[in-house]
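The values are calculated or read from the model by the stated rules, or taken from the named source; none is laboratory data. Everything numeric in this text was worked out from a predicted model, so none of it was measured. Don't worry about glycine lacking a Cβ; one is built from the backbone with ideal geometry, like all the others, and counts go over all protein chains shown. For accessibility, only protein heavy atoms count, side chains too; no ligands or nucleic acids. Shrake-Rupley method; radii C 1.70, N 1.55, O 1.52, S 1.80 Å.
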Amino acid sequence: MKRLLTGTRIYLSGFQEEDVTAIREWNQNEEVQRLLDALPHKPKTDEEIKKWMGDPGDTAFRFAVRLKDDGRIIGFVELDGILWTHRVGWISISIGDEQSWGNGFGREAMQCLLAYAFHELNLHRLQLTVFSYNERAIRLYESLGFTKEGSFRQFLQRDGNRYDMILYGLLVDEWKEG
């Protein structure tokens, strides 16, 4: 049987109390937050982080992304807004640890989350949005088989420039497993 939440160099797990410190650092990093969220950057308190780390309910699944060699948290992945009747959900990822960028950890984490969504949860469609300036994420999503389905033109203003928010979708039979 294939292991769903384990990649070659990373694994997905629940959150631990000690993860608050790392998540707080990422939350205070403007670059990390501007890749993830359209809302204005506003650092969260430890209490807000702990609440976010808690049980997301029955329409969401959130996992810490950890390195196999030392168990250190480097980011998170999430499935949320699941409509069970239609077998559809939203997907997101954040590798908050900048030293881990560009090493393929995000790809491994996404492959694990996609396997979990399609094999374990039996979802049919996943979707996500990404800002047009996040070229690294766009390359990742397209390489995993996601299809650009449209864009919210000039959705976001950052530093005096307008950017699109692009919608991507992936159906289970389009998924490039492995």
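Structure values in brief
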{"read-out": "Pairwise centroid distance, computed over Cα atoms, of segment 42-99 with segment 140-168, Å", "value": "21 Å"}
{"read-out": "Residue-averaged 222 nm ellipticity for the chain, from DSSP H runs of 4+ at -39500 (n - 2.57), nearest 500", "value": "-7000 deg cm²/dmol"}
{"read-out": "For R9, residues with placed amide H under 5 Å, excluding near neighbours", "value": "none"}
{"read-out": "Rg/Rg_ref, segment 90-178, where Rg_ref = 2.2 N^0.38 Å and atoms are Cα", "value": "1.14"}
{"read-out": "Check: segment 1-76 dipole with +1 on Lys, Arg Cβ and -1 on Asp, Glu Cβ, in debye", "value": "400 debye"}
{"read-out": "Rounded percent of accessible protein surface that carbon and sulfur make up, segment 36-94, 1.4 Å probe", "value": "55 percent"}
{"read-out": "In order through segment 69-80: 3J(HN,Hα) via Karplus (6.51 cos²θ - 1.76 cosθ + 1.60), integer Hz, x for Gly, Pro", "value": "5, 9, x, 5, 6, 10, x, 8, 10, 8, 10, 8"}
{"read-out": "Reachable aspartates and glutamates, given that their alpha-carbon falls under 20 Å from the alpha-carbon of K176 and they are not under 8 places away in the same chain", "value": "E78, E108, E120, E142, E149"}
{"read-out": "Mean separation of Cα contacts under 8 Å, 6 or more apart, over the residue count of the chain: relative contact order %", "value": "19 percent"}
{"read-out": "Unit charges on C-beta of K, R, D, E only; dipole of the chain, Debye", "value": "420 debye"}
{"read-out": "Cα pair distances exceeding 17 angstrom across segment 37-146, given as percent", "value": "59 percent"}
{"read-out": "The chain: most fluctuating residue of S13, S132, S143 per GNM, C-alpha cutoff 10 Å", "value": "S143"}
{"read-out": "Average accessible area per residue (Å²) across the chain - probe 1.4 Å, nucleic acids and ligands excluded", "value": "55 Å²"}
{"read-out": "Local electrostatic count, R34, Cβ distance below 10 Å [Lys/Arg +1, Asp/Glu -1]", "value": "-3"}
{"read-out": "For V172, net neighbour charge (Lys/Arg +1, Asp/Glu -1) across residues whose Cβ lies under 12 Å away", "value": "0"}
